[in-house]
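Chemist: Got a structure for you, written out below as structure tokens; questions coming shortly.
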Amino acid sequence: MKHRRHYTLKEARELIPQLEVWLSELLLLSQSQARYGSWQKAMFAQGYDLGGMAANTSIKELYRLKSTMNRLKANDLVLVDLQKGRVDFPSLLGGKEVYLSWEKGETDITHWHEVSSHYC
């Protein structure tokens, strides 16, 4: 089996409120890092060295981003699409490993798919 943890539908549903928090944080941090990366590229192109508050803030954000990603990994969750907020929960169906799929904004988990398939 690919995953060490398998969620029941009830367990996956109980994790949704926390997932919404994590996904919101990941999206905000990734957008901030993209803006910083664009700014950084422009500054380097002009011959500037980087440091100071902007660099420190970026490093702190990267740490928060990695920490939040590690929370998903520690719970054996699969982040499928950050922009859509789509997450797969490993589960078992008839002894076969499958994914319960959830997308941010949905009130419940209503779809599943096989591990070998990437879409519901």
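Chemist: Starting from the range 106-120, keep only residues that are over 18 Å from residue 96 (Cβ atoms), then list their pairs with residues that are of a type outside the set (A, V, I, L, M, F, W, C) and at pLDDT 95 or above whose Cβ atoms are within a distance under 8 Å, requiring at least 6 positions of separation or different chains.
Modeler: Listed pairs, sorted by first residue: 108/13.
Chemist: Looking only at the range 28-62, how many residues end up being among the aliphatic types (A, V, I, L, M), modelled with pLDDT of 80 or more and either under 22 Å from residue 85 (Cβ atoms) or in a loop (DSSP other than H, G, I, E, B) (or both)?
Modeler: 4
Chemist: Within the range 13-23, identify whether any single residue is of a type outside the set (A, V, I, L, M, F, W, C), over 24 Å from residue 80 (Cβ atoms) and surrounded by 13 or more Cβ atoms within 10 Å (Cβ to Cβ), and answer yes or no.
Modeler: Going through the range 13-23, the residues of a type outside the set (A, V, I, L, M, F, W, C) turn out to be 13-14, 17-18, 20.
Still in the running and over 24 Å from residue 80 (Cβ atoms): none.
No.
Chemist: For residue 61, are the conditions met, namely being without any contact (Cβ under 8 Å) to a residue 40 or more places away in the chain, of a type in the set (D, E, K, R) and either in contact with an Asp or Glu (Cβ under 9 Å, 6 or more places away or on another chain) or exposed (fewer than 13 other Cβ atoms within 10 Å of the Cβ) (or both)?
Modeler: Details: without any contact (Cβ under 8 Å) to a residue 40 or more places away in the chain: yes; of a type in the set (D, E, K, R): yes; either in contact with an Asp or Glu (Cβ under 9 Å, 6 or more places away or on another chain) or exposed (fewer than 13 other Cβ atoms within 10 Å of the Cβ) (or both): no.
When the stated conditions are applied, residue 61 does not pass them.
Chemist: Answer yes or no as to whether residue 48 is among the hydroxyl-bearing types (Ser, Thr, Tyr) and surrounded by fewer than 11 Cβ atoms within 10 Å (Cβ to Cβ).
Modeler: Numbers: among the hydroxyl-bearing types (Ser, Thr, Tyr): yes; surrounded by fewer than 11 Cβ atoms within 10 Å (Cβ to Cβ): yes.
For residue 48, the condition - among the hydroxyl-bearing types (Ser, Thr, Tyr) and surrounded by fewer than 11 Cβ atoms within 10 Å (Cβ to Cβ) - is met.
Chemist: Kindly indicate whether residue 70 is closer than 17 Å to residue 7 by Cβ, under 24 Å from the mean Cα position of the chain (by Cα), at pLDDT 90 or above and not charged (D, E, K, R).
Modeler: Details: closer than 17 Å to residue 7 by Cβ: no; under 24 Å from the mean Cα position of the chain (by Cα): yes; at pLDDT 90 or above: yes; not charged (D, E, K, R): yes.
In short, no.
Chemist: Condition first: in contact with a helix residue (DSSP H, G or I) (Cβ under 6 Å, 6 or more places away or on another chain), under 30 Å from residue 107 (Cβ atoms), without any contact (Cβ under 8 Å) to a residue 60 or more places away in the chain and in a helix (DSSP H, G or I). Can you find one or more residues in the range 8-17 that meet it?
Modeler: Within the range 8-17, not a single residue is in contact with a helix residue (DSSP H, G or I) (Cβ under 6 Å, 6 or more places away or on another chain), under 30 Å from residue 107 (Cβ atoms), without any contact (Cβ under 8 Å) to a residue 60 or more places away in the chain and in a helix (DSSP H, G or I).
Chemist: Is there a residue being assigned to a helix (DSSP H, G or I) and under 24 Å from residue 25 (Cα atoms) anywhere in the range 74-87? Let's see the steps before the verdict.
Modeler: Taking the range 74-87 as the starting set, the residues that turn out to be assigned to a helix (DSSP H, G or I) are 74.
When the remaining residues are screened for being under 24 Å from residue 25 (Cα atoms), the result is 74.
Yes: the range 74-87 contains one or more residues that are assigned to a helix (DSSP H, G or I) and under 24 Å from residue 25 (Cα atoms).
The values are calculated or read from the model by the stated rules, or taken from the named source; none is laboratory data. Small disclaimer: the values here were computed from a predicted structure and weren't measured. Here Cβ is always computed from backbone atoms with ideal geometry, including for glycine, and neighbour counts include all displayed protein chains.
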